[in-house]
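See below for the structure under consideration.
The values are calculated or read from the model by the stated rules, or taken from the named source; none is laboratory data. Here the structure is a predicted model, which means the values were calculated and not measured. Quick reminder, even Gly has a Cβ in these numbers, built from the backbone with ideal geometry, and neighbours come from all protein chains shown. We work out accessible area using only protein heavy atoms, side chains counted, and drop any ligands, DNA or RNA first. Shrake-Rupley method; radii C 1.70, N 1.55, O 1.52, S 1.80 Å.
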Amino acid sequence: MLTYDANGKIDILALLPDELEAKIVELGEKKFRAKQIFSWLHVKQVKSFDEMTDISAQLRSKLNDSFCLKSLFAVKKLESCTDNTVKYLYELSDGNHIESVLMEYEHGNTICVSTQVGCKMGCRFCASTIAGYKRDLTSSEILMQIYEAQRLSGRKIGGAVLMGIGEPLDNYDNVVNFLRLVSCPQGMNMSLRHVSVSTCGIVPRIYELAELKLGITLSISLHSTNNKARSEIMPINDKYDINELIQACKYYFSVTGRRISFEYSLISGHNDSRKDAEELAKLLKNFTCHINLIPVNKIKERDFHSDRKSAYRFQKYLEELGMNATVRRTLGADIDAACGQLRREYEI
Ligand code: SAH
């Protein structure tokens, strides 16, 4: 994808192999140079053209003239004492900040990445949206969160969840380009089976994403089972209501064959009663999907709360109604690993 920096230079990290090849040929170079450069960027993940030791100084200087190689810089790192979760606060080249969280599961390391600086969706319980939206991340900025975490931690990262700051489907083109880059066999080669894209429910984009058949897991932040309750905590529901959302999910499943994951953050007194469980079971009955229960993370600006006990109680209600749900493991609780909290503290 062609993106430019303020000086009109092309963001080289955002180019797919064929795009890079076309640009290198335009510079009067042989095609195989593009393969070498792509590998330096996405396999060895170098941070400057000068590290590309099998490229002549002359070509490196040409690259410097035409392309920019962006970087991000970890200004803060928090490590959990209870598990191997690490949270990074990154500074972008324009001085904005974003967060990533590296988590360890039995099957390997997965990273939670941000897709925007801030968020305009306004979900009431979410720290990422309180100070509003600043800008979209480029596909390279999403990608670099992974490369930098891998470099800093020395841990190989095999999966990613787009559940950090921002709404991925509100930054659709950059997110799709990121997915193509991260899964590129000549580069990071991450299997998209290990990538989840989470959305608050931007319905038209769900239809578009379905057509791409990327093999990712689509996660839907549902959090309520009727329009009145959902609109109270998620303004997006006024634009695309629950029925439209579920229709889009059914379409997504029919086209991709990929089971959808519904995220349900339990908020005490709002959505955790037996009646809520019944409504949820009714809504998702006969639909091949997964329900993920998350006790809402307390953020200091809001009074929403819950606990693991209520989550297990809600899970039991659902089981009795013939629905399977899991309670999400809490990782990094001691370092406030929920998205947006660190950035907010830093910027105040
Ligand atoms: N904008 C996307 C992805 C970012 S948030 C989305 O809405 O899906 C990732 C997940 O964390 C979403 O399910 C979101 O609703 C949830 N979330 C945000 N703040 C939370 C909090 N304080 N407690 C629990 N879940 C939260």
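Observations on the model:
- Solvent-accessible surface of protein heavy atoms, probed at 1.4 angstrom with all chains present, puts R205, R135 in the order R205, R135, largest first.
- Karplus 3J(HN,Hα) series, Hz, for the range 85-98 with 6.51 cos²θ - 1.76 cosθ + 1.60 (x for Gly, Pro): 6, 10, 10, 10, 9, 9, 9, 8, 5, 9, x, 6, 10, 9
- Of the complete DSSP H runs in the chain, those spanning 20 angstrom or more by Cα along the long axis with a mean Kyte-Doolittle score not below 0.0 are 242-256.
- In this structure, N64 and K156 have a Cβ-Cβ separation that, at R0 = 30 Å, corresponds to a calculated FRET efficiency of about 0.50.
- Peptides 159-170, 51-62 ordered by packing proxy, namely the average of other Cβ atoms within 10 Å per residue, highest first: 159-170, 51-62.
- Contact order for the chain, expressed relative to its length and based on alpha carbon pairs under 8 Å spaced 6+ residues apart, stands at 15 percent.
- Accessible surface computed residue by residue for the range 151-243, with neighbouring protein chains in place and a 1.4 Å probe, gives 37 Å² per residue.
- Residues whose amide H comes within less than 5 Å of that of H290, counting only those at least five positions distant or on another chain, are I260, S261, F262 (H built at 1.01 Å from N in the peptide plane).
- Accessible area of the chain belonging to carbon and sulfur atoms, whole % at 1.4 Å probe: 49 percent
- Set K76/K298; K77/K239; K120/K300 screened for pairs whose C-alpha atoms are more than 26 Å apart: K77/K239
- Net charge, T110 excluded, C-beta distance under 14 Å - Lys, Arg +1, Asp, Glu -1: +3
- Net charge of neighbours whose Cβ lies under 12 Å from the Cβ of T288, counting Lys and Arg as +1 and Asp and Glu as -1: +4
- Between T82 and S191, the simple spin-label model (points 7 angstrom out along Cα→Cβ) gives 3.0 nm.
- Averaged over its residues, the range 10-68 has an accessible area of 49 Å² per residue, based on protein heavy atoms and a 1.4 Å probe.
- Average Cα contact separation per residue, the range 10-68, under 8 Å, 6 or more apart, as relative contact order %: 35 percent
- Placing dummy labels 7 Å off each Cα toward the beta-carbon, the span from N227 to Y312 is 3.8 nm.
- For the chain, the share of DSSP beta bridges that are antiparallel, to the nearest 5, is 45%.
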